[in-house]
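The values are calculated or read from the model by the stated rules, or taken from the named source; none is laboratory data. No experiment lies behind these values; they were computed from the predicted model shown. FYI the Cβ positions are ideal-geometry reconstructions off the backbone, even for glycines, and counts take in every protein chain you see. To get the accessible areas, we keep the full protein, side chains included, count just its heavy atoms, and leave off ligands, DNA and RNA. Shrake-Rupley method; radii C 1.70, N 1.55, O 1.52, S 1.80 Å.
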Amino acid sequence: MDYNELHDDQLDAQRVSFDFRGFLFKALNLWKLVLLCIGIALIVAYFINVRKQNIYRLESLISIENDQNPFFTANTSISFNWGGVSGKVGKMLTAVKTRSHNELVVDSLQYYIQYLSQGKYHMVDIYKNAPFSFKLQKDKPQLLNRPIGIRYIDDASFEIFIEFQGERASTQRYSDKSIKSVTVPLGPFSQTFFFGQQVELPFLNGSFVLKPNVNVPRGSVFYLRFLSFDGVVNSYKNGIQINPINKNSSSILQLSLAGTNKSKIVDYLNATADILSRTELERKNLYATNTIKFIDSSLAAVNNSLKDVTDEMNDFRRKNKVFDVDDEISQISNQLKEYDRQKQGEQSKLNYLNSLETYLNTKTDYTKIAAPTSVGIEENNILSSVSKITGLAIERQNMEYTTREGSDLFKGLDRQIDAEKNVLLETIKSTKSTISIQLNSISRNIANLEAKLSDLPEDQQEYLKIQRKLDLSQEAYDVYLAKRSEAAIVKAANVSDIAVIDEAKDIGGGLIGPNKSLNYMMALMVGFFAPMFLIFVIFLLDNTIHGSDEVVQLSKIPILGLIGKYNYKNNLVVYEKPKSAVAESFRAIRSSLQFIFSKQESNLGRTLMVTSSVSGEGKTFCSINIATAYALSGKKTILLGLDLRKPKIFGDFNISNDKGIVNYLIDDETLESVTFKTEINNLSVISSGPIPPNPSELLMSARLSNLITQLRQDYDIIILDTPPLGLVTDALQLSTFADATIFMIRLDYTKKGMLQLVNAKYRAGEIKNVSFVLNFYKHKSNHNYGYGYGYGYGYGYGYGTYGSAYHDNGRGPTIIKRIKKMFRINR
């Protein structure tokens, strides 16, 4: 292949590039289809909008306050530290999305029970608008996910009805949330009950209570449906949202929830805030509760000691007389009581520290530590460490609901707790050492004072010792009792740090869906782009020639003429309808051919070969009418039917095909015997004759060459009606006799690939002086620019299925092909 041929192939490849203009005009031609699709899409969107339930979103506002208690004053001896606001905000953001919290809310509202009525398109959740309420037995099974019909009979009775397709059904007990399968009656079931009567069925257990002051029409039907508890919890857990209302007010949080029933949304948001507040208050009271328990245990021990000492004093008084001690002895005794009180206080601190140390070393739950101030410990390091450890432990406990074990969050908290615990253990160790030194000092002082009293009689010494113990126990009891009262007052005065600023309320509005405008917009887009995409795919897959512009893009071979579509009974349009547009088209082609022939220097007759890619493109029609046009112009013309495989031309001239050129080529007839004069002046016809077994060999014979030579001398114009170039090689053999070649292209029929075949043979020189004639041409303002016949006429000559004219099966086009023909649009 030389450079020029390679360059021509590259040009052919470029010519097959995407024709955006052609695609655009094809889409415009199919505007009715696009409009129909848009209409259908809008109708679908309308039915979607009217069938979808409205979706609402409502909000409520809560605030996270600093820990405050009206009974905390400068004189309060017991203090509690519950953490700051920022930590609580993070906990609230987490808590609202936990399963445990949403389980409490769903269980308190019993949202696993649905009250339904039949709407126009679907069942509607009527919630509080139901004329009755159902008090279920939580420890009994309830049918899951199946609506149970409730038909109102009168103010006293109702009917339960349902139909079961099988003998087993799934139920759930809401006391322990267990699900099990139970036996149910097969087929339709109905039974009448009274309002307030206990319903005990395998699939339903509870009682229906008619709401007061409701007017229910007789025969009204409602439905009761039980949902999976875990499924309901999970849906609300994923649906509820909590976020800071703005960056500047991180302590004010907005709760929001979307749903189809605004009353249910309102109740869920308000219940969420209430349970959050109650849970937070319980968490705050936990520290105080642990302290009260510790004080109670210490108070019980002191009470027992006081009782024993009191009994001991009473026994001593019964056995001995009452002594009056002098002032000096009384002063020493008071000093001993003071030292004993100090010793007891320090011993209480030491006992608390020992207990705390053991607790830290043996326990992992640090949420139950009592307040150090309950025993008088005021060491800031100990108070701070205990508060931090308790806060971290509570935070870890809250995270257990939402974070899997082994998470890095747990590891980080555990490291903080361990670090704080090690600091606290060291502080305890040093504090215990200090307390031990103080106890030793106090014990020495007590020993010195007791030595001064050793000179007294034993009974006086015993009396003073018992009196001292009695006074000390009474004082300790009073101190613990005061501290317990103080702790109880602090606990009772606690208020939750969560306050509702704006509770959820249905005041109208809140509609967020369905977005009807968006649905209609999506329908417009789908209705427009779906057919456009279909048209685009059809356009890409379509390899049929639709207009002259495509021929210009695909080939450099010139277009000789355009023949419009014209419905007529036969092929003799030029002869019988000389004033038609099609006849004028053939006369124009005749003029163009004269220009081609004028460039050839010869005094003999001119030969014109008419061929096509496949059968059915109009080459016989074109051959007959070009021959007629020449004959009517006074040229002595002869038409040769060289399509030996499928002869056609004899029918239009009412001549027999019993003998023809085949008989001449096999030397069975003379030229004069196979030549027929027609009713058209100057036009003779040689038909094909009987179909031979070897058409190609006959066309290669020397008799055909001699025949053409003879005809050139006898006639001015010789028209060769040849077989299709794309199916057999006969046309190539005949092209050697042609002074000019017409290649027929039938628009909306001829394939683009056939032009590549013609281009290749043209470049190789196998055919010469070739031109295209476009058949079935339709003038359109958006196509075929550059060629201006535009008659819009044509002929109704019937052709077989594309490419199968040589293999007729006697059947008409299939249904699929008929449908494809319906949607075939000229570009």
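Would region 96-112 turn up any residue that is buried (at least 16 other Cβ atoms within 10 Å of the Cβ), among the aromatic types (Phe, Trp, Tyr) and modelled with pLDDT under 90? Scanning region 96-112, I find no residue that is buried (at least 16 other Cβ atoms within 10 Å of the Cβ), among the aromatic types (Phe, Trp, Tyr) and modelled with pLDDT under 90, so the answer is no.
Quick grid of which residues meet (1) among the aliphatic types (A, V, I, L, M); (2) in contact with a helix residue (DSSP H, G or I) (Cβ under 8 Å, 6 or more places away or on another chain); (3) modelled with pLDDT under 90; (4) surrounded by 18 or more Cβ atoms within 10 Å (Cβ to Cβ):
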{"residue": "Asp230", "(1), (2), (3), (4)": "no, no, no, no"}
{"residue": "Val233", "(1), (2), (3), (4)": "yes, yes, no, yes"}
{"residue": "Asn248", "(1), (2), (3), (4)": "no, no, yes, no"}
{"residue": "Ile265", "(1), (2), (3), (4)": "yes, no, no, yes"}
{"residue": "Thr289", "(1), (2), (3), (4)": "no, yes, yes, no"}
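Does Ile382 count as surrounded by 18 or more Cβ atoms within 10 Å (Cβ to Cβ), in contact with an Asp or Glu (Cβ under 6 Å, 6 or more places away or on another chain), modelled with pLDDT of 80 or more and of a type in the set (A, V, I, L, M)? Taking the combined requirement at face value, the residue does not satisfy it.
How about region 750-768: which of its residues are of a type in the set (A, V, I, L, M, F, W, C) and either surrounded by 15 or more Cβ atoms within 10 Å (Cβ to Cβ) or not in a helix (DSSP H, G or I) (or both)?
Answer for region 750-768, where residues must be of a type in the set (A, V, I, L, M, F, W, C) and either surrounded by 15 or more Cβ atoms within 10 Å (Cβ to Cβ) or not in a helix (DSSP H, G or I) (or both): Met754, Leu755, Val758, Ala764, Ile767.
Would you be able to tell me the number of residues in region 669-705 that are open to solvent by 50 Å² or more (accessible area, probe 1.4 Å) and of a type in the set (S, T, N, Q)? Going through region 669-705 one residue at a time, the tally reaches 4. Scoring Leu560 on the criteria (1) open to solvent by 10 Å² or more (accessible area, probe 1.4 Å); (2) within 24 Å of Thr750 (Cβ to Cβ); (3) outside any strand (DSSP E or B) leaves a single failure, condition (3). When Phe229, Phe222, Phe208 are screened for being among the aromatic types (Phe, Trp, Tyr) and touching a Lys or Arg at 6+ places or on another chain (Cβ under 7 Å), only Phe229 passes.
Can we say Ala258 is open to solvent by less than 20 Å² (accessible area, probe 1.4 Å), among the small types (Gly, Ala, Ser) and in contact (Cβ under 8 Å) with a residue 12 or more places away in the chain? It is false that Ala258 is open to solvent by less than 20 Å² (accessible area, probe 1.4 Å), among the small types (Gly, Ala, Ser) and in contact (Cβ under 8 Å) with a residue 12 or more places away in the chain. Taking Lys569, is it open to solvent by 10 Å² or more (accessible area, probe 1.4 Å), of a type in the set (D, E, K, R) and either closer than 21 Å to Phe653 by Cβ or assigned to a helix (DSSP H, G or I) (or both)? Criteria met by Lys569. When residues in region 587-619 are screened for being free of Cβ contacts under 8 Å to residues at least 12 places away in the same chain and of a type in the set (A, V, I, L, M, F, W, C), 1 of them pass. Pairs are defined by a Cβ separation below 8 Å, a sequence spacing of at least 6 or placement on different chains, a first member in region 635-648 that is within 26 Å of Ser591 (Cα to Cα), and a second member that is open to solvent by 10 Å² or more (accessible area, probe 1.4 Å) and aromatic (Phe, Trp, Tyr); the pairs so defined are Lys636/Tyr715; Thr637/Tyr715; Ile638/Tyr715; Gly641/Phe650. The conditions of being in a strand (DSSP E or B), open to solvent by 50 Å² or more (accessible area, probe 1.4 Å) and not aromatic (Phe, Trp, Tyr) are not met by Ile162.
Determine whether Thr620 is touching a Gly at 6+ places or on another chain (Cβ under 9 Å) and in a helix (DSSP H, G or I). Give the derivation first.
On the way: touching a Gly at 6+ places or on another chain (Cβ under 9 Å): yes; in a helix (DSSP H, G or I): yes.
The answer is yes for Thr620.
Candidates Ser305, Ser333, Ser297: the one that is at pLDDT below 70, on the phi < 0 side of the Ramachandran plot, assigned to a helix (DSSP H, G or I) and open to solvent by less than 80 Å² (accessible area, probe 1.4 Å) is Ser333.
Is there a residue being within 27 Å of the chain's Cα centre (by Cα) and in a strand (DSSP E or B) anywhere in region 265-280? Scanning region 265-280 turns up no residue that is within 27 Å of the chain's Cα centre (by Cα) and in a strand (DSSP E or B). Kindly list the number of the only condition in (1) surrounded by fewer than 20 Cβ atoms within 10 Å (Cβ to Cβ); (2) touching a residue at least 24 places away in the same chain (Cβ under 8 Å); (3) in contact with a Lys or Arg (Cβ under 9 Å, 6 or more places away or on another chain) that fails for Glu576. Looking at each condition in turn, Glu576 falls short on (2). If you go through region 491-512 one residue at a time, do you hit one that is surrounded by 15 or more Cβ atoms within 10 Å (Cβ to Cβ) and farther than 30 Å from Leu276 by Cα? Among the residues of region 491-512, not one is surrounded by 15 or more Cβ atoms within 10 Å (Cβ to Cβ) and farther than 30 Å from Leu276 by Cα, which makes the answer no.
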